[in-house]
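First the structure, in the form of structure tokens, and then the observations on it.
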Amino acid sequence: MKKILLTITTIFVFAQLFSCLKPPKFSETPLIEFVSINSTQVQQQVDSIQMIISFKDGDGDLGSLESDTSTNCFITDHRPGKPDYTYTYKIPFITPKGTTKDISGTIAINLPGITCIPFHTTDSVTYKIVIMDRAGNKSNEVQTPVIIVNCQ
């Protein structure tokens, strides 16, 4: 009888603990983290780069509707001796799942072949990435490691 009572009590305690767990609560301002890059050495105009970032957003308003033409992902090419250039992309609409609006996941960003600064045999570049939700909240900025570009 004591074994049965102990088992029932244990089940009851665990049931109470798990029923009290709340889903994560993220900020309404998107938060991103750099996850990975497929290569840090590429051949000019031949190799493409794939970067992966993770995101968290508390109000679930990341991505654009199909009819929306605005961009929401900004990737800035930063390299010594050259003015920064920002590429803009459109993240597709991300639908929150379940009853909470909080969303999280990863985004893969593909950049086609990189060009070099003229008259260089090698070049180095880093990319700074920022995303923006539909409410206009900009995320933090993350940066890739240095990418070496073979210009020949």
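Read-outs: derived from the displayed coordinates by stated rules, not from any lab. Bear in mind that the values here come from a model prediction, so they are computed numbers and not experimental data. Note that we place each Cβ from the backbone using ideal geometry, even for glycine, and neighbour counts take in every protein chain shown.
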Regarding region 70-91, can at least one residue be identified that is touching a Cys at 6+ places or on another chain (Cβ under 8 Å), surrounded by 12 or more Cβ atoms within 10 Å (Cβ to Cβ), of a type in the set (A, V, I, L, M) and touching a residue at least 24 places away in the same chain (Cβ under 8 Å)?
yes
Taking region 111-152 and keeping residues of a type in the set (Lys, Arg), surrounded by 15 or more Cβ atoms within 10 Å (Cβ to Cβ) and out of contact with any Ser or Thr (no Cβ under 6 Å at 6 or more places or on another chain) leaves Arg134
Residue hits (region 36-95; more than 18 Å from Gly136 (Cβ to Cβ), of a type in the set (A, V, I, L, M, F, W, C) and part of a loop (DSSP other than H, G, I, E, B)) are Val46
Scanning region 78-125 for residues that are within 17 Å of Ile147 (Cα to Cα) and of a type in the set (S, T, N, Q) gives Thr86, Asn110, Thr115, Thr121, Thr122, Ser124
